[in-house]
Amino acid sequence: AFISLRQLLDHAAERGYGVPAFNVNNLEQIQAIMEAAEATQSPVILQASAGARQYAGEAYLRHMVLAAVESHPQIPLVLHQDHGASPAVCLQAIQSGFTSVMMDGSLREDAKTPASYDYNVAVTADVCRIAHAVGVSVEGELGCLGSLESGQAGEEDGVGAEGTLSHDQLLTDPQEARDFVARTGVDALAIAIGTSHGAYKFSREPTGDILAIDRIAAIHAAVPDTHLVMHGSSSVPQEWLEIVRRYGGEIPETYGVPVEEIRRGIANGVRKINIDTDIRLAMTGAMRQFFAEKPADFDPRKALAAARRAARGICEARFEAFGCAGQA
Ligand code: G3H
Ligand code: 13P
Ligand code: NA
Ligand code: ZN
C-alpha cells in the first residue's frame with residue numbers, strides 16, 4: 001500500500017533504522033527492488049528523477065509502480081520525486097500520484113547553478129504549503145552535494161552543480177539547518193557531507209577529512225524532528241567494478257560510501273539513503289558478463305533477468321545492512 005515519506009520515516013526513527021531509496025527507470029529495476037523487499041519484508045522507497053520520467057514516460061512509470069503495489073499488497077511503499085528542480089516539477093509529481101516530493105532548491109531551476117539561501121527557503125516553503133495540504137511529504141536540500149577532495153559536484157550528466165564549490169557550500173551547517181526547517185516545514189532534509197552523485201565519489205577509501213559522517217550528529221541535534229537524508233550514497237562495490245572491467249567495461253579506480261559508514265550515519269540520525277549508481281553498476285556488470293559468456297544468445301529477457309538478479313542482490317544487502325529488513 002502507498003504511504004507518505006513522513007509516515008515511513010517516523011516509523012524508522014522510532015525503531016532506529018534507515019530506508020534505502022532506490023532510483024527507478026524501468027520494469028526490471030522496480031521488480032528487483034520489490035522482490036528484495038518481499039524476501040526481506042522491508043518497506044520501500046521508489047524514487048524517480050526528472051530523467052526517469054523522461055526516459056520511461058510519466059504514464060508508464062506510474063502504471064509500473066501501481067503494478068508493484070498490486071503485486072505486493074502488504075509492502076508499504078513511498079513513491080518519491082527525486083531532485084525536483086522547481087515547484088512546477090513537484091506539482092506534476094503530486095498530480096501523478098507521488099506520495100513524496102523533493103524540492104531541491106540548493107540549485108537554481110537549471111539544476112546546475114548553486115542557489116541563494118533565500119531562494120531555497122522560498123521555493124521549498126512554497127512546495128511544503130501545497131504538498132502538505134494534500135498529505136504529500138516534502139524533502140528539501142541544504143548545502144550542495146560535492147567532493148571535499150576536488151570541490152566538484154561529481155555528476156557529469158543530471159543533477160549537480162557546475163564549477164567549483166567552496167568548503168562552506170559542501171557542508172551543511174547545523175544552525176542554518178535549524179533556521180531552514182523552521183522557515184520551510186520540510187519533513188526530510190538532504191544534507192551535504194562530502195558525498196556526490198555517480199560512480200566517481202572518492203579517489204581513495206574515504207576517511208573523515210573527505211566524508212564528514214561526524215557532522216551528522218550535530219545536524220540531527222539541531223533538527224531532531226526532521227528526517228535526515230544522505231544522497232550520493234552508493235557504495236560502488238569493488239566486486240562489481242571488477243566484473244564490469246573483466247567483460248570489457250572501462251571504469252577507472254574509484255570508491256564510494258562504505259556500507260559501514262552509512263550504518264554510522266543511521267546510528268546518528270540518517271533515515272533515507274539514496275542509491276542509484278550501485279544498481280546501475282550491478283546491472284551493467286551482469287549484462288556484460290551474460291553477453292560475453294553467451295555470445296549466441298539474443299533473447300533480451302535473459303540478459304535483463306541476469307541484470308534484475310544482480311540488482312536484487314544489491315537491494316537485499318542494503319535492506320539488511322540498514323536495519324530495514326523485517327520492518328514491513
Ligand atoms: O540524482 C541523481 C540520480 O542518480 C538520478 O540520476 O538524473 O540520471 O536519472 P538521473
Ligand atoms: P548515487 O549516485 O550514489 O547512487 O546517488 C543517488 C542519489 O543521490 C539520487 O538522488
Ligand atoms: Na530525493
Ligand atoms: Zn541525489
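Read-outs: derived from the displayed coordinates by stated rules, not from any lab. This structure is a prediction, so every number in the text was calculated from the model and none was measured. With ideal geometry, Cβ positions are generated from the backbone for all residues, glycine too; neighbour counts draw on all protein chains shown.
Just to be sure before I move on: is residue 202 more than 23 Å from residue 93 (Cβ to Cβ) and among the hydrophobic types (A, V, I, L, M, F, W, C) in the structure I sent? Answer is yes for this residue. Filtering segment 267-281 to residues that are touching an Asp or Glu at 6+ places or on another chain (Cβ under 9 Å) and either surrounded by fewer than 21 Cβ atoms within 10 Å (Cβ to Cβ) or assigned to a loop (DSSP other than H, G, I, E, B) (or both) leaves 268, 276. Being crowded, with 22+ Cβ neighbours inside 10 Å and under 19 Å from the mean Cα position of the chain (by Cα) is the filter here, so list the residues in segment 171-187 that pass it. Those that are crowded, with 22+ Cβ neighbours inside 10 Å and under 19 Å from the mean Cα position of the chain (by Cα): 172, 186, 187. Here residue 260 fulfils each of the conditions (1) closer than 14 Å to residue 200 by Cβ; (2) without any contact (Cβ under 8 Å) to a residue 12 or more places away in the chain apart from (1).
The sole residue among 196, 150, 203, 166 that is among the hydroxyl-bearing types (Ser, Thr, Tyr) and surrounded by 19 or more Cβ atoms within 10 Å (Cβ to Cβ) is 196.
Under the condition of being aromatic (Phe, Trp, Tyr) and either touching a helix residue (DSSP H, G or I) at 6+ places or on another chain (Cβ under 6 Å) or surrounded by 18 or more Cβ atoms within 10 Å (Cβ to Cβ) (or both), the residues counted in segment 297-328 number 2. For segment 100-123, the candidate set comprises residues that are polar (S, T, N, Q) and within 13 Å of ligand 3 (Cβ to nearest atom); within that set, the residue that is surrounded by the most Cβ atoms within 10 Å (Cβ to Cβ) is 100. If the condition is being within 24 Å of residue 194 (Cβ to Cβ) and either of a type outside the set (Asp, Glu) or in contact with a Lys or Arg (Cβ under 9 Å, 6 or more places away or on another chain) (or both), then segment 114-141 contributes 114, 115, 116, 117, 119, 120, 121, 124, 139, 140.
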